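To keep things clear, I will list the structure first and then write my remarks on it.
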Amino acid sequence: MTPIVNLHILVERYTQLSKSAYFDPAFRDFASRTVEAIVHVIENAASYPEEVVRQFQEHAWHVMQFLKGSRSNDAPHEAQYVLSKALKEWINDDALISSASLEHFGFFLNPADLWSHIARALNMFDTKGYSPLLVRIGSPEAFKHRPIFCIPLFHELGHFVDHHYKISELSLLFAQPGPPPANLHPAIWREANLNHRMEHFADLFSACYTGEGSKKSLLAIAPNHGASHTHPATAKRVEVIEHFLGGHQNPMVDLFQATLAARKLPSLSQRFKLPDLTASFNDVLPHRLLEDAELYGIFYGGWEYLFDQISNRAAPWIDEGVDVHGIERTVNDLVEKSIRNFEIRERWDSVVTN
């Protein structure tokens, strides 16, 4: 398919998305403004180098799956809502956290920025100052109503913050990697060190909001993984998380704290408070969360309650007819409703105040 043919298809698809139902209407605005950019390129294709047109349509294709996954019926809304609150502590600009629904198991971040690309590459197009931050995160479609299992999204959000501020890259100026092994090129060694620091920072970011959940979700996904070019060994990652949560000195944690201070960014610190879910969840009722810290804490609190009930089946509602799937579904549903009720109260209070 030629880029122009693809762009005509994209106009149709983005127009449909601009009329979709979203929890956040800013997504509809994003889609409709992207339609304007695509139409501009179609009408002015002869004035742009072929490679510019090709790269633009590739960016637009990649973004489309995240807009599709962010529609009201497809999005892991409760998880995205909490992630948005966490991101506001780090980035003042309004940001849209979009989600691609994956058919396979996996979590990832796509840091490419469509509208920054448009501003750079389409010099004849007037963006009218529109430059939204779109955080593109992928997660399993099966988890959209399972917030407990979305703890790894905090890790991916950490990658976004790291990418946005170049924290891991700056840390290389504070502490250069040691000498490379004799058989490894220095550039490759430096890249591996940077990759490892990026994973450690994302782990620590997640631990700020989910505590032990950061470690336990990591052990659930990659329990025995050794070190590679892209990732530190799981055992090393767990060690850094445990030192951070336990308040023990760790060179990697100290390095990031110094780097964040140099960038005048918040420090890594505990931002969650574990709510006591037992009474409400034993009665099969959502828990009334009182503050943002409990909102973050319910992810790990829900994790602990879930696996305790799977092991001990102590809650009154778990009779012989309730299997593991029934326990998992019920607890995730209670966590989801607890988050949703907190958001509804917050939105209502905002309307009353204004």
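The values are calculated or read from the model by the stated rules, or taken from the named source; none is laboratory data. Predicted, not measured: the structure shown is a model, and the values here were computed from it. Here the Cβ positions follow ideal geometry from the backbone for every residue, glycine too, while neighbour counts run over all protein chains shown. The protein model used for the area step is the full one, side chains on, heavy atoms only, and it has no ligands, DNA or RNA in it. Shrake-Rupley method; radii C 1.70, N 1.55, O 1.52, S 1.80 Å.
The single residue among S217, S168 that is in contact with a Lys or Arg (Cβ under 6 Å, 6 or more places away or on another chain) and either at pLDDT below 95 or open to solvent by less than 30 Å² (accessible area, probe 1.4 Å) (or both) turns out to be S168. Just one residue in the set F27, F23 is surrounded by 17 or more Cβ atoms within 10 Å (Cβ to Cβ), touching a Ser or Thr at 6+ places or on another chain (Cβ under 7 Å) and not aliphatic (A, V, I, L, M); that residue is F27. Take A142 and tell me if it is assigned to a helix (DSSP H, G or I), under 30 Å from G326 (Cβ atoms), open to solvent by 40 Å² or more (accessible area, probe 1.4 Å) and not assigned by the TED database to the domain that holds L219. Spelling it out, A142 is indeed assigned to a helix (DSSP H, G or I), under 30 Å from G326 (Cβ atoms), open to solvent by 40 Å² or more (accessible area, probe 1.4 Å) and not assigned by the TED database to the domain that holds L219. Scanning the range 46-57 for residues that are crowded, with 17+ Cβ neighbours inside 10 Å and hydrophobic (A, V, I, L, M, F, W, C) returns V52, V53, F56. Looking at D308, D319, D276, just one residue is more than 16 Å from S217 (Cβ to Cβ) and part of a helix (DSSP H, G or I), and that residue is D308.
Reported count of residues in the range 191-206, each being free of Cβ contacts under 8 Å to residues at least 40 places away in the same chain and closer than 21 Å to G106 by Cβ, is 4. Criterion first (assigned by the TED database to the domain that holds L173, in a helix (DSSP H, G or I) and open to solvent by 70 Å² or more (accessible area, probe 1.4 Å)) does A258 satisfy it? Taking the combined requirement at face value, the residue does not satisfy it.
Residues of the range 306-354 that are polar (S, T, N, Q) and surrounded by 11 or more Cβ atoms within 10 Å (Cβ to Cβ): Q309, T330, N332, S338, N341.
Residue-by-condition table, conditions (1) out of contact with any strand residue (DSSP E or B) (no Cβ under 9 Å at 6 or more places or on another chain); (2) of a type outside the set (A, V, I, L, M); (3) in contact (Cβ under 8 Å) with a residue 60 or more places away in the chain:
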position: I4; (1), (2), (3): yes, no, no
position: L7; (1), (2), (3): yes, no, no
position: E12; (1), (2), (3): yes, yes, no
position: D24; (1), (2), (3): no, yes, yes
position: V41; (1), (2), (3): yes, no, yes
position: N44; (1), (2), (3): yes, yes, yes
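The residues in the range 284-299 that are without any contact (Cβ under 8 Å) to a residue 24 or more places away in the chain and surrounded by fewer than 15 Cβ atoms within 10 Å (Cβ to Cβ) can be counted, and the count is 2. Restricting attention to the range 133-150, does a residue exist that is of a type in the set (S, T, Y) and farther than 16 Å from T259 by Cα? Looking for residues that are of a type in the set (S, T, Y) and farther than 16 Å from T259 by Cα, one finds at least one in the range 133-150, hence yes. Scanning the range 162-192 for residues that are within 12 Å of F256 (Cα to Cα) and either outside any helix (DSSP H, G or I) or among the polar types (S, T, N, Q) (or both) yields K166, S168, S171, A175.
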